[in-house]
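Okay, so here's the structure we're looking at.
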Amino acid sequence: MLDKALFDAQAFDHALASNEEHLPLFRSYLDKANAQLKKRFDEDVSIVQLVNSRAWLIDQLLQRVWQQYFGDLEQASSLVAVGGYGRGELHPYSDVDLMLLISGEEVEPFKEVIEKFLLFLWDMGLEVGHSVRTIADCIRESEQDITVATNLMESRLLMGSETLYQAMRTSTGPDKLWPGRHFFEAKWQEQIDRHHKFNDTAYNLEPNIKEGPGGLRDIQMIGWVAKRHFDTQTLVALVEHNFLTEDEYQTLIDGQNFLWKIRFGLHTLANRREDRLLFDHQRTLAEQFGYSDEGPRLAVEKFMKDYYRTVMELDRLNELLLQLFQEEILYAGDSGEPTPLNKRFQARKGFIEATDEHIFKRYPFALLEVFMVLAQNPELKGVRAGTIRLIRHHRHLIDDNFRDDMRCRSLFMEFLRQPQGVTHELRRMNRYGILASYLPMFGNIVGQMQHDLFHVYTVDEHTLFVVRNLRRFTVPEFFHEFPLCSAIIQEIPKPEILFVAGLFHDIAKGRGGDHSELGEKDVIEFCQHHLLSQYDTQLAAWLVRNHLVMSTTAQRKDISDPEIINDFARKVGSQNYLNHIFLLTVADIRATSPSVWNSWKGSLLKELYFSTRRALRRGLANPLDQDELIQETQQSALALIGTDSSTEKVELLWQGLGDDYFLRYSADEIAWHTNAILKQDNSQQSMVLIRSDAHRGSSEIFIYTPNRDHLFTLITTTLDQMGLSIVDARISSSMNGYTLDTYIVLENNGEPIQDESRSVEIKHTLEAALRQKESDSLSVQRRVTRQLKHFPIPNRVTFQDDAHNHRTIVEIEASDRPGLLSQIGKALDACNLRLQNAKITTLGERVEDIFFITDQQDRPLKDETQRECLRQSIIEMLEQV
């Protein structure tokens with residue numbers, strides 16, 4: 001390769017001979033060449049040319065530096081490129097991986113010159129990864145670490161002794177170390193372990209394009225095994241050995257080039273090595289690569305959809321090739337006599353295969369049947385490579401006639417009814433493209449990104465996680481995870497209806513419009529087409545249409561209010577519908593992100609479930625009213641208080657508390673508060689109690705203190721400073737001028753307060769804050785996270801009347817940020833309003849908080865002037881953080 005525009009060797013050598021100061025010259029040429037490569041990247045020059053050109057450029061520079069330091073030692077040493085650099089592939093900030101190979105048995109004589117050589121490279125501006133080894137070192141370390149063996153396998157001599165280098169290659173070759181079978185098994189396990197680090201999915205919100213499933217490392221894995229097994233240096237040998245077709249090879253290379261282009265762009269944008277496709281760069285790269293917004297579809301979503309579909313295809317090719325290598329390497333000595341499974345499929349070497357290559361052409365329905373057979377035979381380890389290829393090549397047979405075929409419709413529903421293997425095989429169906437072919441509307445969400453922090457997976461991946469979670473409730477091995485869900489699902493007569501609802505609940509995402517309404521139409525069409533009964537069709541449709549209702553009610557409404565429970569019970573209508581929506585809701589929330597679900601959300605949903613079940617058992621025509629609930633709660637609380645406090649003192653205290661207090665708190669909480677207040681030292685003005693409830697998955701902070709202005713602001717600021725997240729707040733006032741405030745909090749990791757010393761620290765900090773006369777000096781010092789900065793959300797404030805409870809509901813939608821609640825508290829103070837209750841909901845980067853407020857006379861806000869004052873005050877305060 002000769003590229004004078006990138007590196008003019010003649011001009012450089014002349015300048016080198018003419019200058020005593022060599023370092024500035026090397027640095028200058030490197031900087032100019034890097035700028036030239038960036039310019040070519042911006043001009044959309046072939047990414048293969050760019051990656052190879054940078055490796056060639058570094059070759060030219062290193063060879064000249066080597067001559068300066070090792071000229072007299074050239075026959076006793078070798079400069080060897082390893083890793084990606086050994087393959088002749090370098091991105092702008094990739095490590096330049098080098099091995100300095102030394103003859104003899106001792107490195108010590110070379111130590112001084114090696115240090116000077118490496119120091120020059122670092123001063124020049126190269127990121128160098130290096131090792132210094134003798135041949136004996138190479139043998140020993142290769143035996144111990146397959147990564148070293150792999151690096152040496154794809155090494156390349158740059159300068160120095162050819163004889164020494166070839167001796168190293170011979171000593172570490174496949175006939176000496178890591179024979180084919182052991183090499184393949186080790187690299188395969190290495191890939192499995194690496195995939196586990198990414199939850200075995202390529203569809204993460206900020207994917208690692210190198211190490212994640214379907215990423216560049218998977219392509220390299222294929223190359224390593226091919227080189228070891230076929231003694232070849234290029235992937236094209238896979239075609240020559242009939243491991244890949246020409247089309248599959250081109251798909252592999254196109255995918256690699258697309259990922260290379262993204263990686264080159266990431267390095268250029270970050271000005272450092274960066275393999276994570278972070279939010280910081282997704283929008284910029286989308287624009288740079290020519291994507292544009294189109295209606296509801298953002299350019300970044302279209303770019304990421306192409307990325308996810310690329311890695312899905314690469315993941316499938318990786319599976320195909322690993323299967324072929326298993327058959328070629330691991331089972332080479334196995335004659336593999338087939339065992340019939342049915343007329344169309346047989347097992348060979350533990351894998352399913354079609355009985356002949358024409359099966360799918362003669363029996364198209366077998367494209368679905370193969371997954372049914374896999375689910376029914378869990379001992380099978382997978383699909384043979386030839387059959388994977390046949391399935392892919394016959395996908396075109398899945399057309400309207402196929403979908404109308406009674407055998408296909410029956411097979412799909414029967415597959416969903418299987419007692420095991422459904423989730424695993426649904427994922428395989430998606431990977432092979434069969435699910436998207438059979439359900440074209442599902443094809444629309446394959447690789448569909450949801451550009452927010454709440455959903456960390458693509459829509460199709462999230463959907464399959466939902467089905468997996470539902471299935472998991474049925475497996476005895478996992479009953480301990482969600483005992484209530486596992487008990488409820490035993491009462492579900494047709495679990496497949498739940499799975500259908502799970503498949504369709506988000507199927508209309510990205511189309512524009514309400515995805516619940518559009519999804520309802522899709523699932524009705526599916527159910528009718530698959531001859532489900534009218535009742536089952538209505539149930540599936542209701543679940544899809546209302547799949548967000550239970551989580552919204554639990555997290556954003558006051559579920560201590562009997563009217564809210566009665567309204568929800570009327571919407572659900574029956575115990576069967578309640579069971580279905582509860583299971584779907586838990587499965588859905590858990591599938592959004594590994595960090596979204598916590599025990600607090602679980603406790604809210606369970607509280608809503610049991611309250612609604614109770615309302616349904618009473619009968620919708622005979623709802624529980626407030627007076628009944630208050631009486632029941634007080635009686636239960638008295639029983640818990642027992643003899644700890646006299647009944648007269650208890651009743652006297654309770655007379656000073658309004659009905660609202662007994663509606664918002666459980667009997668257990670009331671007993672806890674009452675005993676503490678009655679035992680309080682009269683000299684102690686304020687009291688802070690903290691307890692953690694493992695069952696509810698949260699910590700409860702109860703504050704009993706004289707009522708005063710700015711109290712909510714003071715407390716929320718203090719809790720925020722302590723690194724606590726407030727998920728619920730209840731504010732009650734007594735007739736004696738005290739306020740009874742409860743804050744439900746979680747640590748930053750989503751867990752309740754665990755350590756006793758931590759509880760003591762929070763208690764003392766709150767007590768000190770309550771002794772302060774002013775709260776103006778308090779401020780929150782925590783910073784906004786990197787991810788949140790990329791999702792600005794307009795501040796929105798809306799009002800609703802809560803006539804039943806004589807208060808106003810304020811809904812605030814904004815970007816999450818430290819100090820948000822304290823700023824809202826300041827806005828309430830500025831407008832002289834009183835907070836009664838709060839429901840705090842964080843959905844990734846978005847907060848949707850609900851505040852129940854009144855004026856100072858406990859009246860709702862009827863005056864539009866009051867509402868406008870509050871709206872403007874909140875927006876002004878939020879713009880300050």
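The values are calculated or read from the model by the stated rules, or taken from the named source; none is laboratory data. Predicted model only: the values in this text are computed from it and were never measured. A quick note on method: Cβ atoms are made from the backbone with ideal geometry, for glycine too, and the neighbour counts reach across all protein chains shown. These area figures cover heavy atoms from the full protein model, side chains too; ligands, DNA and RNA do not enter into them. Shrake-Rupley method; radii C 1.70, N 1.55, O 1.52, S 1.80 Å.
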**Prompt:** Which of the residues spanning the stretch 168-200 are touching a residue at least 12 places away in the same chain (Cβ under 8 Å) and open to solvent by 40 Å² or more (accessible area, probe 1.4 Å)?
**Reply:** Arg169, Pro174, Lys176, Trp178, Arg181, Glu185, Trp188, Glu190, Lys197, Phe198, Asn199, Asp200
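Residue-wise test of (1) surrounded by fewer than 17 Cβ atoms within 10 Å (Cβ to Cβ); (2) touching a Gly at 6+ places or on another chain (Cβ under 7 Å); (3) aromatic (Phe, Trp, Tyr); (4) farther than 28 Å from Arg272 by Cβ.
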residue	(1), (2), (3), (4)
Phe26	no, no, yes, no
Leu30	no, yes, no, no
Leu37	no, no, no, no
Val48	yes, no, no, no
**Prompt:** With (1) within 18 Å of Leu2 (Cβ to Cβ); (2) surrounded by 16 or more Cβ atoms within 10 Å (Cβ to Cβ); (3) over 43 Å from the mean Cα position of the chain (by Cα) as the list, and Gln60 as the residue in question, which single condition is left unmet?
**Reply:** (3)
**Where a residue in the stretch 610-636 is over 19 Å from Ala569 (Cα atoms) and its partner, wherever it lies, is open to solvent by 40 Å² or more (accessible area, probe 1.4 Å) and assigned to a helix (DSSP H, G or I), with Cβ under 7 Å and at least six apart** = Ile630/Asp659
**Request:** Could you run through the stretch 469-482 and say how many residues are open to solvent by 70 Å² or more (accessible area, probe 1.4 Å) and at pLDDT 95 or above?
**Result:** 0
**Message:** Consider the stretch 1-24. How many of its residues are among the small types (Gly, Ala, Ser) and either at pLDDT 95 or above or open to solvent by 70 Å² or more (accessible area, probe 1.4 Å) (or both)?
**Reply:** 3
**Item:** Selected residue (criterion: farthest from Leu503 (Cα to Cα)) from residues of the stretch 524-538 that are touching a residue at least 24 places away in the same chain (Cβ under 8 Å) and among the hydrophobic types (A, V, I, L, M, F, W, C)
**Value:** Leu531
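Those residues that are among the acidic types (Asp, Glu) and open to solvent by less than 70 Å² (accessible area, probe 1.4 Å), I need them from the stretch 609-631; list them, please. Before you say what the answer is, go through the steps one by one.
So in the stretch 609-631, the residues among the acidic types (Asp, Glu) come out as 625, 627-628.
Result: Glu628, single match.
May I ask you to list the residues in the stretch 93-109 that are part of a strand (DSSP E or B), of a type in the set (Val, Ile, Thr) and over 36 Å from the mean Cα position of the chain (by Cα)?
Let us first name the residues in the stretch 93-109 that are part of a strand (DSSP E or B), namely 96-102.
Filter once more, so that each one left must be of a type in the set (Val, Ile, Thr): 96, 102.
The answer is Ile102, and nothing else.
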**Fill in**
Just one listed residue, out of Ser595, Ser560, is open to solvent by 10 Å² or more (accessible area, probe 1.4 Å), of a type outside the set (Phe, Trp, Tyr), closer than 24 Å to His804 by Cα and not in a helix (DSSP H, G or I), and it is Ser560
**Request:** Sort out which residues of the stretch 410-446 are of a type in the set (Val, Ile, Thr) and open to solvent by 20 Å² or more (accessible area, probe 1.4 Å), and write them in order of number.
**Result:** Thr423
**Request:** Would you check if there is a residue in the stretch 421-441 being touching a residue at least 60 places away in the same chain (Cβ under 8 Å), under 30 Å from Arg613 (Cβ atoms) and touching a strand residue (DSSP E or B) at 6+ places or on another chain (Cβ under 8 Å)?
**Result:** no
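Return yes when Ala149 is open to solvent by less than 10 Å² (accessible area, probe 1.4 Å) and free of Cβ contacts under 8 Å to residues at least 40 places away in the same chain and no when it is not. Steps first, please.
Numbers: open to solvent by less than 10 Å² (accessible area, probe 1.4 Å): yes; free of Cβ contacts under 8 Å to residues at least 40 places away in the same chain: yes.
In short, yes.
For residues in the stretch 830-861 being of a type in the set (D, E, K, R) and under 14 Å from Val810 (Cβ atoms), which is nearest to the chain's Cα centre (by Cα)?
Kept after step one, since they are of a type in the set (D, E, K, R), are these residues of the stretch 830-861: 834, 839, 845-846, 848-849, 855, 858-859.
If we keep only those that are under 14 Å from Val810 (Cβ atoms) too, we end up with 834, 839, 848-849, 855.
Values: Arg834: 39, Lys839: 25, Glu848: 21, Asp849: 24, Asp855: 43 Å.
Filtering first and then ranking leaves Glu848.
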**Request:** Kindly list, by first and then second residue, each pair from a residue in the stretch 246-273 that is outside any helix (DSSP H, G or I) to a residue that is open to solvent by 40 Å² or more (accessible area, probe 1.4 Å) and aromatic (Phe, Trp, Tyr), limited to pairs with Cβ atoms under 8 Å and residues at least 6 apart or on different chains.
**Result:** Asn271/Tyr93; Arg272/Tyr93; Arg273/Tyr93
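Yes or no: the stretch 290-308 includes at least one residue that is open to solvent by less than 40 Å² (accessible area, probe 1.4 Å) and under 30 Å from Gln326 (Cα atoms). Break it down into steps so the answer makes sense when it comes.
Here is the first cut: in the stretch 290-308, the ones open to solvent by less than 40 Å² (accessible area, probe 1.4 Å) are 299-305, 307-308.
In the following step, the residues that additionally are under 30 Å from Gln326 (Cα atoms) were identified as 307-308.
Yes, that holds for at least one residue.
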**Request:** Sort out which residues of the stretch 721-739 are open to solvent by less than 20 Å² (accessible area, probe 1.4 Å) and outside any strand (DSSP E or B), and write them in order of number.
**Result:** Gly723
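For the stretch 73-92: of the residues being part of a helix (DSSP H, G or I) and more than 32 Å from the chain's Cα centre (by Cα), which is nearest to Trp56 (Cα to Cα)? Spell out how you get there, then give the answer.
Just the residues of the stretch 73-92 that are part of a helix (DSSP H, G or I), to begin with: 73-76, 83-86.
Now drop any that are not more than 32 Å from the chain's Cα centre (by Cα), which leaves 73-76, 86.
Details: Leu73: 24, Glu74: 21, Gln75: 23, Ala76: 25, Gly86: 11 Å.
Result: Gly86.
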**Message:** With the structure loaded, tell me whether Met413 is out of contact with any Cys (no Cβ under 8 Å at 6 or more places or on another chain), over 23 Å from Phe360 (Cα atoms) and in a helix (DSSP H, G or I) or whether it fails that test.
**Reply:** no
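Can you confirm whether Val780 is at pLDDT below 75, under 24 Å from Arg708 (Cα atoms), of a type in the set (Val, Ile, Thr) and surrounded by 13 or more Cβ atoms within 10 Å (Cβ to Cβ)? Quick ask: steps written out before the conclusion?
On the way: at pLDDT below 75: yes; under 24 Å from Arg708 (Cα atoms): yes; of a type in the set (Val, Ile, Thr): yes; surrounded by 13 or more Cβ atoms within 10 Å (Cβ to Cβ): yes.
Yes; evaluated as a whole, the condition is true for this residue.
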**Message:** I'm trying to understand the selection: among the residues of the stretch 815-860, which are among the polar types (S, T, N, Q), touching a strand residue (DSSP E or B) at 6+ places or on another chain (Cβ under 8 Å) and at pLDDT 85 or above?
**Reply:** Thr854
**Residue that is farthest from the chain's Cα centre (by Cα) [pool: residues in the stretch 783-805 that are surrounded by 14 or more Cβ atoms within 10 Å (Cβ to Cβ) and modelled with pLDDT of 80 or more]** = Asp802
**Request:** Search the stretch 667-720 for residues being under 22 Å from Glu751 (Cβ atoms), in contact with a strand residue (DSSP E or B) (Cβ under 7 Å, 6 or more places away or on another chain) and hydroxyl-bearing (Ser, Thr, Tyr), and hand back the single one that is surrounded by the fewest Cβ atoms within 10 Å (Cβ to Cβ).
**Result:** Ser692
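Just give me the residues in the stretch 96-133 being open to solvent by 50 Å² or more (accessible area, probe 1.4 Å) and within 24 Å of Met153 (Cα to Cα), in sequence order. Before the answer, list the steps.
Step one: of the stretch 96-133, the residues open to solvent by 50 Å² or more (accessible area, probe 1.4 Å) are 104-106, 108-109, 111-112, 115-116, 119, 122-123, 125, 127, 130.
Answer for the stretch 96-133, where residues must be open to solvent by 50 Å² or more (accessible area, probe 1.4 Å) and within 24 Å of Met153 (Cα to Cα): Gly104, Glu105, Glu106, Glu127, His130.
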